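Below is one structure; the comments refer to it alone.
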Amino acid sequence: MLPPQTAEEIYSAAAAAGARPDPLLTISEWADQYRSLSTRASAEPGPWRTERTPYLKEIMDCLSPSSPVERVVLMKGSQLGGPLALDTPVPTAEGWTTMSEIRCGETVFDENGQPCQVVGVSPVFWDRDCYELTFSDGSRIVCDAEHRWVVWEGLGHERQKLRCLATVEMVPRYKVRGHWNRYAVDVTGPLSLPRVDLPVDPYLLGYWLGNGTSLANDLSLHEDDYEIAAHLSTCGYSVDYQLPPWRNGRSARIVVDGRRGRGRDEGGHSDTVAVADRTTGFRGTLREAGLKGNKHIPLQYLRASFSQRLALLQGLMDSDGHIERHGWRCQYSTSNPNLRDRVYELLMTLGLKATVCCHPGGVQRIQGRTCQVQDHWLIRFTAYDDLPIFRLSRKLRRQLRRPGRRATRSERRRIVRIERVPSVPVRCIAVDSQSHLYLVGESMIPTHNTEVGNNFVGYVIHQAPGPMMAVQPTVEMAKRNSKQRIDPLIEESAALRQLVRAPRSRDSGNTVLSKEFPGGVLVMTGANSAVGLRSMAARYLFLDEVDGYPGDVDGEGDPINLALARARTFARRKIFIVSTPKIAGLSRIETAYLESDQRHYWVPCPACGQFQVLKFAQLTWPKGRPEEAVYVCEHCQARLANHQKHVMLPRGEWRPSAAGDGKTAGFLLSSLYSPVGWFSWAEAAGMFERAQKDQALLQVFVNTVLGETWTQVGEAPDWQRLYERREDYRIGTVPAGGLFMTAGCDVQQTRLEVELIAWGRDKQSWSVDYRVLEGDTSRPEVWERLSELLDETFVSESGVALPIVKLAIDSGYATQQVYHWARKQHSPRVMVIKGVERGAAPVGLPTAVDVSVAGKRMRRGVRVWPVATGLIKEELYRWLRLEKPTEESGEPFPPGYCHLPRYPEEFFKQLTAEQLVTKVVKGYRRTEWQKLRERNESLDCRCYGRAAAAAYGLDRFTEKHWRALEEQLGVAAKRRQDVPGPPAAVLAARPAPVRRVIRSPFMER
Ligand SMILES: [Zn+2]
C-alpha cells in the first residue's frame, strides 16, 4: 500500500507506473477474488464469478497489464430498461396483472391505448433507488430512479415540449418556484379492444347500477326522464314504463322484461314498449352474471369495445351522473368503493382524466331535514361533446363543444410530487410498441456485460493504480453511474474501501465525479463536456455506451478522439470502448470493431463437439410457439436446449476473424450467449417473431439481441397518395422543365413494357408515356415496334421534338433476343443492362458479351451494364415520398420530385410494388427488396429509365450542361420573357408547332 500523496506526486507516480512490474493477477482473477455485486446494482448479487459468464474472461484479461492489447472493443447486446415496482398494476387485454406476474407475450397497452405485446421481462432487482410519483388526478406509481417517462415539459403559458426523462432527472426540476408543476404526462388514449358478448347490455347495466334495485328488475326514475324507456328498448329489452299510484313526488319506474300478466299489477299507467322475449329474462341474467344482490361492474365490461364501454358510462351517467350547467365538469357519485374504482378505471379506458374525492358522511341537514349520510365519493372529469357521455337529452345538451379548448386541462396529468421512498423490488418489461422503444434500447440496467468495465475500474484502483478517465454519454449520466455503480463497487469490496476514502471525510479528495486513491485518480465525465474530456492525462480510458455520444463536443470535434488524446503520452495505456450498437454507418462501436481483429465466441456442440459461433438463424421453433425454441447444431443438426449453454459456454473460445491493427482486440457478443437464467433463446425467438410486424421493433431486436447495427430501410410509398396527386399534362408530351428523355424497357414473354421519362434540373422527372408493346418476344414483330419507338420524338413545351437519348433494356429475360435487337440497332442510344443486387453506383462498368470467332471479346459488340437496382429503388422511393408543395406556398417542387400524369391505378400499384425488408439470414442481418404485389413492371421500367439517365450523365451535369439543354429547347429565352410561364397543361393543349429535331454535341454520347 502506498502512502497518501499530493496530486502532483500521484500524477508522476502514475506516469512512472508503466515501468512497474506487472501485477500478478489478471482482471478476471481479481474479480473472482475481490469483487462483490451489490443488490443495488445487480440482479444477481453476491460474489463475482467469472464462470457464470465465461466469455467475459478473455475480454477482461485483455485489459490486464500482462496483455499486450492496447485497445479493447466490446460490441454487445443489451438488456431491458426502466424498472417499475413489482406491485405496479398493469392493465392487460383480459384485466389486470402486476409487474411481478407479467409474462412475455401478454397483451398490454401503449400510451395511445393500442394493444402491444410484452416482448421481454427482466429479472427482479432489489435495493434500487425508488421514487413515488403523484399525478394531478391523485394516482400514484412507484418506480425506479432510472425509469424513463415520456413527459410534456413546460408551464401553462409556455410551449410544451415532449421529452423522455428518467425519474431522477425530473426530481430536481419538477417544481417551479415551489408550486408550479413542470411536467405532465398524456392521459392514456382510449383502449382499443374488440367487441365482446356481454350478459347484460352495458347501457342497461350502467343505468341499473345507479337506479335499479339490487334484487328485482325495477328501475326508478323521475317522470321527466321517461325517454330512458325508449333508450332501453333500443337496447333490445321489453320495458314497462309505469307511474305507480303510491309514488312519492314525481318518481316513475321501469320494469325490464316485465311481461304482461306477470308480477304485481299496480293498476297505474302501463305502457309496454316492446315484447322482445329473452329466454332467461333480465332477472335471470343478473343472477347468472353474479350481479344479483352484488352491484358491481364485471371486469369484462371494462375490456369490452370502445362503444360498449361508452354505453356503460352513458348508463351510469344517465342515472347517477351530473353535469354542471355550463358543462365544465361532469361528476359521478357513489357510496360503493368498489363501484368507485371501476368507474374510475372505466373513465381511464375511455381516455378521460378523472379525479376522485371523498365526502365524509355523518349527520347532515338536507332540505331542512336531518339525515344520516353515508361516506360517498365524487368522480369528476371533463368530456366534450365529441364523446357523448349521456343519452338523456337534458344532460347531453350541456356537454361542452370541443373546438378551442386546450388539451392540457382535460387530457394531461401533471406530475405534482416526486418523493424518494424506501426501496421495493422492481423489474422492467419491454413492449413491442413504437412509443416504448426507449424501454429497451436506452437501457441503463446493469448486466454482467457492463460489469466488465467496473471490474476494470476496481482492478486499476487496487492492483495497477494510475490516472483513469471513465466517460459516459453525458455528465448527468456520469454522475448517476458514479452513485449507482462505482460507489457500490467500492463499498462492497473491502479491498477497495480501504483505498478510496469515503466522500464524507474532509479532504478525502473524493467527489461524485472524482475518486482519489493511492497512486491514481478516477475521473468520471460526460462526452458532452469538452472541458471534462480535456481535464487530465489518463493512462486508462473507459468509454462507455459510445453510440450515445454526441457527434461533436462544444465545437472541438469527436469526443472519442478528444478522450484518446489524453492517453497518448502513456506507453502502456489501456483503452476500453464498449457499447450496444445503433444505426449502421453512424455507429462508433461498429467502426471500432471493424478496425479490430473482430473476434467471435466459438462454442462446442455438446452432441458432436464441433465448434461454432451462435447464430440466430440456427434457432428453430414451431411457428407461433417461440417458447419451444431450440438451437440446431450446424454440424450434426442436434437440437440443443437453452440449458445446455451451461456446458457450451465454459468450453468456448474467442477466435479472431480479421488481422486488425495488432493492438486492438474486438469482441462481438450477442444476447444469444446470455447465461442460463437470463435472456433465453425462447425470448430471442419470441422477440424476433413479434418484430416481424414492425421495422422499428426489428431494429431493437438487431441492436439489442444480436448486438449488431441497423440499416435504415425503404418502405413502399402509398400508391393511392401518388394516384391522387396525378398531374394534368398531356400524356405523350414533355411538360415544361423536361430537358432530355430516356426510356426503360422491361422484357416479358408476351410483351415489352417501356416508360418514357423526361429529366430536368434537380433530377426532377416527368413520366411522358408508358407503352405496352404486346407480342411474343421470341418472335421479331414486337422488336420491330420497339425499334420504331426508339426513333419517335416527343414534343416539348416549346414545340421542339425531343428524341430518346438513351434506352435501357433489361437482359434478365429472353437474353439472346435482347442482345440480338441491341446489336441490330448499332446505336450508342441503346444500353443493355443487367440488374445486380449490390453496387456502389447506380450503373457500373459494362462488360462485353459478344465473342469473336477467335474467342476474343468484341469491342464493338454488345456490352452489358450492371445496374444496382436496389440503390435506384431506394432513391426512387425517397423521391416518391416527397411532398408536393402547396399552391399557396409558391414553393418550387423539391429536387428529385417525380411528376406523373393521369395513368391508370395499375401503374401506381406496380410502381410501389416492393419494399426493402431486413431479414436475419444465417445469424446475419441482410436487407433485400421484397415484392408486395405480383406485378412490378412499371417499377422496373422506371429503374431502367433512371439507369439510362445516369449513363447519360444526369448525376454529373453542371450548370453549363443544363443551360445548353435549355438553349436547345429555347427555354432559356422564354424564361426571360414571361416569368412565370403558363402552366404545363395549357401548353400541352396548344396545337403542336412545327417540329424541329434537335441534335446537340453531348446528346450524341
Ligand atoms: Zn453438433
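Quick rundown of the values:
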item	result
Given charges at Cβ of Lys, Arg, Asp, Glu: the range 761-823 dipole, positive-most of 793, 809, 773	809
Prolate/oblate/rounded label for the range 781-847 (Cα gyration tensor, a/c 1.5)	oblate
Cβ-placed point charges (K, R +1; D, E -1), dipole of the range 770-892 about Cα centre in debye, nearest 20	1020
Sequence-distant residues sharing a close amide H with residue 638 (under 5 Å, placed H)	633
Extension gain (nm, one decimal) between residue 956 and residue 837, 0.36 nm per residue minus Cα-Cα	40.5 nm
Residue 358-residue 627 FRET efficiency (beta carbon distance; Förster radius 56 Å; 0.05 resolution)	0.75
Rough spin-label spacing in nm, given labels placed 7 Å along Cα→Cβ, for residue 213 and residue 155	5.8
Alpha carbon centroid spacing (whole Å) that separates the range 541-565 from the range 580-644	31
Ordering of 321-328, 663-670, 738-745 by packing [mean C-beta count within 10 Å, highest first]	738-745, 663-670, 321-328
Full-extension gain in nm, residue 197 to residue 774, via 0.36 nm per residue minus C-alpha separation	202.1 nm
Whether the range 321-391 is rounded, prolate or oblate, judged on the alpha carbon gyration tensor where a/c under 1.5 counts as rounded	oblate
Average accessible area per residue (Å²) across the range 566-685 - probe 1.4 Å, nucleic acids and ligands excluded	43
Calculated FRET value between residue 251 and residue 398, using beta carbons and R₀ = 25 Å, to 0.05	0.65
Rounded FRET efficiency, nearest 0.05, which uses the C-beta distance separating residue 875 from residue 823 and R0 of 25 Å	0.20
Carbon + sulfur, % of accessible area of the range 570-649 - ligands and nucleic acids excluded, 1.4 Å	53
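The values are calculated or read from the model by the stated rules, or taken from the named source; none is laboratory data. Being a predicted model, the structure only gives us computed values, none of them experimental. Note that each Cβ is placed from the backbone with ideal geometry, even for glycine, and that neighbours are counted across all protein chains shown. Calculation scope for accessible area: heavy atoms of the full protein, side chains included, ligands and nucleic acids excluded. Shrake-Rupley method; radii C 1.70, N 1.55, O 1.52, S 1.80 Å.
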